[in-house]
Amino acid sequence: MAIPVKLEVFEGPLDLLLHLIDKNKVDIYDIPIVEITEQYLDYIRRMESQDMNVMSEFLVMAATLVDIKCRMLLPKEVNEEGEEEDPRAELVQKLLEYKMYKYMSLELRDRQVDAQRSYYRSQDLPQEVKSYRKPIDYGELLGDMTLQRLHGIFQEMLKRQEDKIDPIRSTYGNIEKDEVDMEERFLYVEAYAREHGTFSFRSLLDKQSGKMNVIVTFLVILELMKTGKIAISQEEIFGDIRITSNL
């Protein structure tokens, strides 16, 4: 009959390693990697947890310990400064950081427990005291201020507002946006081209009102030329443009 063994529960691989180091009373900077690895693997073999996510973390650390153990049996590696590298250095650094965080978490938990034991008396003041407001001393508030000085400050503020006004830009009117219906322009130009057959581009533009209508009409002509609905010809440079409808 097998004897049941109850294992301690650790928060993770680093927690288990710290437990083994404390248990063996060894220096964290000089970990006996062979002994610690054997004890770590022995714990892994006896783990009863079925959570594969937890098991995978412990197995990764076990592989890391075995790798460090193998590297320590090989000749020491030398860095660029000519110093021998310790295969345990990275693991020691992680253990020190974990130990610091664990200590801080315990310290915060203790402070939380202590804070729960503190009780504060709620404020209990008479309504007359709560509603009391110190009287305003208008003499102290105004000081040596006089009506003449107040008038001077007011005039100075008006002068500053006037200085902010640009004498040129302030005379500009409002710029209004021209609204042009692109679809309506397409229908208009197509109807014009279908009706006139061949016509002058200038005569088409002369019938437009406003700069925006001229620009949009020009864009419509370009689109109709691109789609082959009209053809354009010009006999000489800067001469009049003739438009022939293919509609």
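Just so you know, all these numbers are worked out from the coordinates, no wet-lab data involved. Computed from a predicted model, the values in this text were never measured in an experiment.
Miscellaneous remarks
- Residue-by-residue Karplus 3J(HN,Hα) for segment 220-227, coefficients 6.51, -1.76, 1.60, Hz, glycine and proline x: 5, 4, 4, 5, 5, 5, 5, 8
- Average silhouette area of the chain, convex hull of alpha-carbon atoms, in square nanometres: 47.5 nm²
- Note on LYS69: lysines with a C-alpha under 24 Å away, same-chain residues under 8 apart excluded, are LYS23, LYS25, LYS94, LYS99.
- Contact order for the chain, expressed relative to its length and based on alpha carbon pairs under 8 Å spaced 6+ residues apart, stands at 12 percent.
- Principal-axis tilt of helix 33-45 within the chain, Cα atoms, nearest 10 degrees: 80 degrees
- Compactness of segment 182-245 was expressed as the Cα radius of gyration divided by 2.2 N^0.38 Å, which yields 1.04.
- Rule-of-thumb Rg ratio for segment 95-240 [Cα; 2.2 N^0.38 Å; N residues]: 2.75
- Each Cα pair of segment 17-154 feeds into the Kirkwood radius, which the Stokes-Einstein equation turns, at 4 °C and 1.567 mPa s, into a diffusion coefficient of 58 µm²/s.
- Per residue, the average separation of C-alpha pairs within less than 8 Å and at least 6 apart gives segment 182-245 a relative contact order of 42 percent.
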